[in-house]
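In what follows, a structure is listed as structure tokens, so that the remarks can point back to it.
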Amino acid sequence: MSTVNTKLIRYIPLVMYVIFFSIIIYYFFNYFEYVFFYQEKSKLFLTTFFDFKTYLDRPGGLLEYVSDFITSLYYYPRLGALIVAGEIILIVLFSSLTAKRYSGRNCYLIPFVIGGVFFFMHLNHYFLNVNTLGVMLQLALFYSVMNFSSKKTGYIIAILFPLWYYVTGVFSGIFMILFIFDNLIKKEKGYLFRIITIAGVWAIFFFIGSNLLFYKGTSELLYGPFTYVNCGGQEVLFVYTVLLLILLPAISMSLPKSITGFLDKKELALKLAPVIVFGLVIFFSGQRVNRGNIDYFEVEKLFYEGKYAELVKYNYDHQVLNRLSLFLNNIALSQTGQLLNRMFYFPQDKNGGTLFLRWGDDNEIRKRGGYFYYFIGMVNEAHRWAFELMVVKGYMPEQIKMIAKTEIINGHYNSARKYVDMLKNTLFYKDTGKKYEKYLNNEKLINSDPELGRIRRLLPRHDFFVNPEQPIIDLDMILKYEKNINVRALEYQVAYLLIRRKVGAVVSELPLFERAGYKKLPVYVAEAVAPFKFLNIGKWPELKYLKISDDVRKRFYEFNKIQNSKKPNKQQLLFNKFGFTYWYYVFYRK
Amino acid sequence: MFLIKIEPMNIRKIVFYLLLIIYGCSSGPGKNYQTKDELPVIYPDYTGLSIPYNIAPLNFKINEKGDDYYVEISNEAGDKIEISQEDGIVKIPESKWKDLLENSKGESLTYSVYVKKGNKWTKYKEFSNRVMSDPIDPFLYYRLLYPSFQKYKDIRIVQRSMESFSEHYIVNNDAIKHNCANCHSFNRNNPKDFLIHVRGNLGGTFFLKEDGMKKYNLKTKEMTGGAVYPRWHPSGDYVAFSSNKVIQHFHTISKKRIEVVDLASSLLLYDVNRNEIMKIPVDSAKQFMDTYPEWSPDGKYLYFCRAPKINQKKYDYESIKYNLYRVPFDPATRKFGSVQLVFDAAANGMSVSMPRVSPDGKHLVITYHNYGCFPIWHKEADLYMINLDDFSVSRMNINSDFTDSYHTWSANNRWMIFSSKRGDGLTARPYITYVDEEGRTTKPFVLPQKDPLFYTYFVKTFNVPELAEADVWLTPGQLKEVAYSDAIQAKWSDNN
């Protein structure tokens, strides 16, 4: 029986690793898949040698290259989750093994704490894999190299260290400190010289690199590729975790005998200690579950896939309130012809902020704002938003697609080809690239494409300067000067007027709906203009055939009756019956 | 100690395969080929050119379908380079190319292209390049950046050898907190007098002097705008600048992208030795916008572009037409004479910008376009030449359907490099043309690259190409040292 127990105890650490891995996977799969979606959409990894060379101009560039490659695999978010979980497990494993090497006894608690913190940091979608991979590689290399360590190899390691610094950047500092620690502990002949060598060789390389090789600022050379942005603003937590990791061997060695003696007697407890960490991980991970993020990124995913009806349904079912979600929702409504029929089923920003995003310095706004212009046919401006983002943030899949599409629509095929080729030189956007390649110089194919052809038909023929701070002016210009009515622009313009409660202006736009070929007035337009018509508030334009339906007329009178009554619960009554009408929006929504 | 025992039979096999590798890959068509009376389609188009004898190899891709390719480049003396390729990408060995050109001055190089399909070789019609005995300046400097709208991040000012493919940075703004760097300027191809502007928190005008590079702040409280487009006086004692207040707009129609409009501009003179900056008094009534200064090679005239001030209420930017003027200058007293009209482009309903006088003072090349003074975004922009003997103006035969703009002369007057967007309509590339004594030009060709397909995937634009005769070398350390140093403040002078 005792033997069986001993065997079981031996397997406990393995079970702990499996449990920890499972917890990570559980949370990633169920609540944080968007982390991988977001990161994959933030970087387009190109497989060309030319692009590879762009990583070589700085220490840590090669680590970034590998990390970017891994990030491209996040195209399948669950694969990404498995990779990151694997990296975290390896950090735990190598830190545990390293601590054991110096202390001679198993060490589980702190390595799992370190792993737990890394997992926690990864739940922030700005925290990039380069940090985890960088740390993991230091531990892996240190553990592997030390297995073959001798005085001779120690010198070789010290001399070659700049190469490792070039490959992994600031993270190599972890290796260097552990190397120094190892030498200080072993105190083998020449250990001081080896320490001086590794530090000195690095300092010389850094000096030469900073002055002759790398066109980078000193702080970038010291800290790159680690940045405040790339760790999601969690730099304090990250630095303390790395410090703990570095000090772990020293801590495990320097425990007083009273504690080590106690630990030796409590082997089972020691091996089960990670359970405490798991509890904390579950608690803190639960705290980080963010419904808003889950919803927003689901909406964005549906948007990129062109699943507009599903997007609207998702927003409606989940009552999403995020402004960017609502912005995409309005585009989806517009694309499915429902903007003026359903927009007040959703909250709307009173300044039009859910209809169009205003140009500014926020890259998250720049990433999405161009889609409004794209779908109303202002292709140049959509191109500009995508291009500006590329200039500042590098290649991103959706932005490169946008650049390619806008160049194709505009007939700039030679320029489009470059971006089409970019897509072709990726792991997962090859097919998109090949699809667009067929469109180059093929007017017939473009014009018959349901998306590109339709947008091409909306292209402005009259030139004017874009007003990126006031998109409503652009809509006015399009509607004023274009020979054919741009239906999408008209709907957006009227949607804006409705939101701003400028009902008189909506009335004066009614003839445009006839010119645009509407068979009947959209619901909210009819509701907005009904008081004008039936209460004779203002001048009614001449219309050939469009009129307010009897249904709207009846409902309006009903609404008006309740609204003018003195019932104490009239708002509730109106909400129950007219909650999604324009009339309710005007009177009760703020 | 060998792990594998090599039998005589194995040796024979190894030798056979080695021979197969050596000869199998490089075997040409021999005499078994058919001929085709058509020029092969190659990219870039390097057929029928006049090239300097010191140019880097003109690598190209044969855009004809085939399984194997063979190219022979020979001169009149029979010296030749043979290249076999399976993918049609012809990369000419640099040393052989150099020797061939050196021995072919004043002669023609003949290119014979053979393409193999199945077992049959086809020889295309031969084409040739004339090797001119006039060298081009050994270095080209340009700014590399995205053809972007408002935002910028990575900006590089690059020195490229014209004789090889080597290049290095003069400025890489990664080292200086992504400050913008622009307007690199030499004094007539001589890098002894060199300056660049850096804009941002490390900003200033960096002047290269005998004791190294130094940073200056040329903006004084008397100035409404900063110093922008520079042009060195041939003496090296002065730099003329324009000072521009610029606004940028974005078009909505597909044919146009960006409009850059000057709202105000004037001319400034900087005295390098006295560190003084002053107005160039050519517009005392403040009726005009003056920009793009350019000195005559003798330093006695300053050319510039001028348009009436824009009516900011009406803002009819398309009606702004710049003419070319010049004004006499006395370097000893720093005094300017009366303004003279050189070319009335507005009379033709057009506008001029970027005047550059050839080093011998015989020709002046301008960019000629519909309106305004920022032609890089004007598809219709073309290069025109003014003969400075009789001021006659002619359209150059090097233009394309796309923007042809910023240009630079070689020190010996025989070569000109200009920016052209003829490749994709968006990104500018440096094109090289030979200019003879009478100002006649030859078919322009794009700056050769090691990878002939480079321009098909490179999405950045080559901005402000400038030829120079010698090397400017700024290490990252030097660049940072200058950028982080305190700027030397220029003094305002009324020049009374």
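The values are calculated or read from the model by the stated rules, or taken from the named source; none is laboratory data. All figures in this text were calculated on a predicted structure; none of them were measured in a lab. As a convention, Cβ positions derive from the backbone with ideal geometry for all residues, glycine included, and neighbour counts pool all protein chains shown. Ligands, DNA and RNA are excluded from the accessible area calculation, which covers all protein heavy atoms including side chains. Shrake-Rupley method; radii C 1.70, N 1.55, O 1.52, S 1.80 Å.
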Candidate set from the range B:115-153 (those that are within 14 Å of chain A (Cβ to nearest Cβ) and polar (S, T, N, Q)); member that is surrounded by the fewest Cβ atoms within 10 Å (Cβ to Cβ): B:Q150
Complete set of residues in the range B:422-447 that are open to solvent by less than 10 Å² (accessible area, probe 1.4 Å) and free of Cβ contacts under 8 Å to residues at least 24 places away in the same chain: none
The one condition in (1) open to solvent by less than 60 Å² (accessible area, probe 1.4 Å); (2) away from every other protein chain (no Cβ under 14 Å) that A:T227 fails to fulfil: (2)
Tally of residues being open to solvent by 30 Å² or more (accessible area, probe 1.4 Å) and either within 14 Å of chain A (Cβ to nearest Cβ) or modelled with pLDDT of 95 or more (or both) across the range B:238-248: 2
Options B:S112, B:S108: the member that is among the small types (G, A, S), open to solvent by 20 Å² or more (accessible area, probe 1.4 Å), farther than 30 Å from A:A386 by Cα and away from chain A (no Cβ under 13 Å): B:S108
Residue check for A:F161: more than 14 Å from chain B (Cβ to nearest Cβ), touching a Ser or Thr at 6+ places or on another chain (Cβ under 9 Å) and over 21 Å from B:P476 (Cβ atoms): yes
Selection from the range A:342-378 of residues that are of a type outside the set (S, T, Y), surrounded by fewer than 17 Cβ atoms within 10 Å (Cβ to Cβ) and assigned to a helix (DSSP H, G or I): A:N363, A:E364
Conditions (1) away from every other protein chain (no Cβ under 14 Å); (2) among the β-branched types (V, I, T); (3) farther than 25 Å from B:P281 by Cβ: number failed by B:I176: (1)
Boolean, B:N201 is open to solvent by 10 Å² or more (accessible area, probe 1.4 Å), out of contact with any Asp or Glu (no Cβ under 7 Å at 6 or more places or on another chain), part of a strand (DSSP E or B) and under 19 Å from A:Y215 (Cα atoms): no
Qualifying residue in the range A:420-438 (condition: touching a residue at least 40 places away in the same chain (Cβ under 8 Å), at the interface with chain B (Cβ under 10 Å from one of its Cβ atoms) and in contact with a Lys or Arg (Cβ under 7 Å, 6 or more places away or on another chain)): no
Out of A:I276, A:I282, A:I294, sole residue that is more than 27 Å from A:Q39 (Cα to Cα), part of a helix (DSSP H, G or I) and at pLDDT 90 or above: A:I276
Test set (1) closer than 20 Å to B:T47 by Cβ; (2) open to solvent by 30 Å² or more (accessible area, probe 1.4 Å) - B:Y457 fails condition number: (1)
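Yes/no per residue for (1) out of contact with any Gly (no Cβ under 6 Å at 6 or more places or on another chain); (2) open to solvent by 20 Å² or more (accessible area, probe 1.4 Å); (3) assigned to a loop (DSSP other than H, G, I, E, B); (4) at positive phi:
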{"position": "A:K405", "(1), (2), (3), (4)": "yes, yes, no, no"}
{"position": "A:G411", "(1), (2), (3), (4)": "yes, yes, yes, yes"}
{"position": "A:A416", "(1), (2), (3), (4)": "yes, no, no, no"}
{"position": "A:L427", "(1), (2), (3), (4)": "yes, yes, yes, no"}
{"position": "A:K438", "(1), (2), (3), (4)": "yes, yes, no, no"}
{"position": "A:N447", "(1), (2), (3), (4)": "no, yes, no, no"}
{"position": "A:P450", "(1), (2), (3), (4)": "yes, yes, yes, no"}
{"position": "A:I478", "(1), (2), (3), (4)": "yes, no, no, no"}
{"position": "A:Q493", "(1), (2), (3), (4)": "yes, no, no, no"}
Residues of the range B:158-179 that turn out to be open to solvent by less than 20 Å² (accessible area, probe 1.4 Å) and part of a strand (DSSP E or B), as a count: 7
Any chance A:G173 is open to solvent by less than 70 Å² (accessible area, probe 1.4 Å), part of a helix (DSSP H, G or I) and more than 14 Å from chain B (Cβ to nearest Cβ): yes
Which listed residue, of B:A411, B:A470, is closer than 28 Å to B:M132 by Cβ and at pLDDT below 95: B:A470
Pair list, Cβ < 8 Å and 6+ apart or interchain, from the range B:469-480 residues that are over 12 Å from B:N173 (Cβ atoms) and more than 14 Å from chain A (Cβ to nearest Cβ) to residues that are among the hydroxyl-bearing types (S, T, Y) and buried (at least 21 other Cβ atoms within 10 Å of the Cβ): B:V472/B:Y141
Elements of type helices (runs of 4 or more DSSP H) contained in the range A:503-590, each with 3 or more residues being acidic (D, E): A:550-564
A:S144 over 20 Å from A:F69 (Cα atoms) and either without any contact (Cβ under 8 Å) to a residue 12 or more places away in the chain or touching a strand residue (DSSP E or B) at 6+ places or on another chain (Cβ under 9 Å) (or both): yes
Residues located in the range A:9-64, provided they are small (G, A, S), under 27 Å from A:E398 (Cβ atoms) and in a helix (DSSP H, G or I): A:G61
Flag if A:K401 is at the interface with chain B (Cβ under 9 Å from one of its Cβ atoms), open to solvent by 20 Å² or more (accessible area, probe 1.4 Å), under 24 Å from the mean Cα position of the chain (by Cα) and farther than 16 Å from A:E469 by Cα: no
Per-region count, the range B:62-80, residues part of a strand (DSSP E or B) and open to solvent by 40 Å² or more (accessible area, probe 1.4 Å): 1
Within the range A:452-476, considering residues that are of a type in the set (A, V, I, L, M, F, W, C) and either open to solvent by 50 Å² or more (accessible area, probe 1.4 Å) or free of Cβ contacts under 8 Å to residues at least 24 places away in the same chain (or both), the one farthest from the other protein chains (Cβ to nearest Cβ): A:I473
B:P430 part of a loop (DSSP other than H, G, I, E, B) and either of a type in the set (G, A, S) or away from every other protein chain (no Cβ under 12 Å) (or both): no
Members of the range A:129-166 that are open to solvent by less than 40 Å² (accessible area, probe 1.4 Å) and hydrophobic (A, V, I, L, M, F, W, C): A:V130, A:L133, A:V135, A:M136, A:L139, A:A140, A:F142, A:V145, A:M146, A:I157, A:A158, A:F161
Conditions (1) of a type outside the set (D, E); (2) modelled with pLDDT under 95; (3) within 15 Å of B:P52 (Cβ to Cβ): number failed by B:Q85: (3)
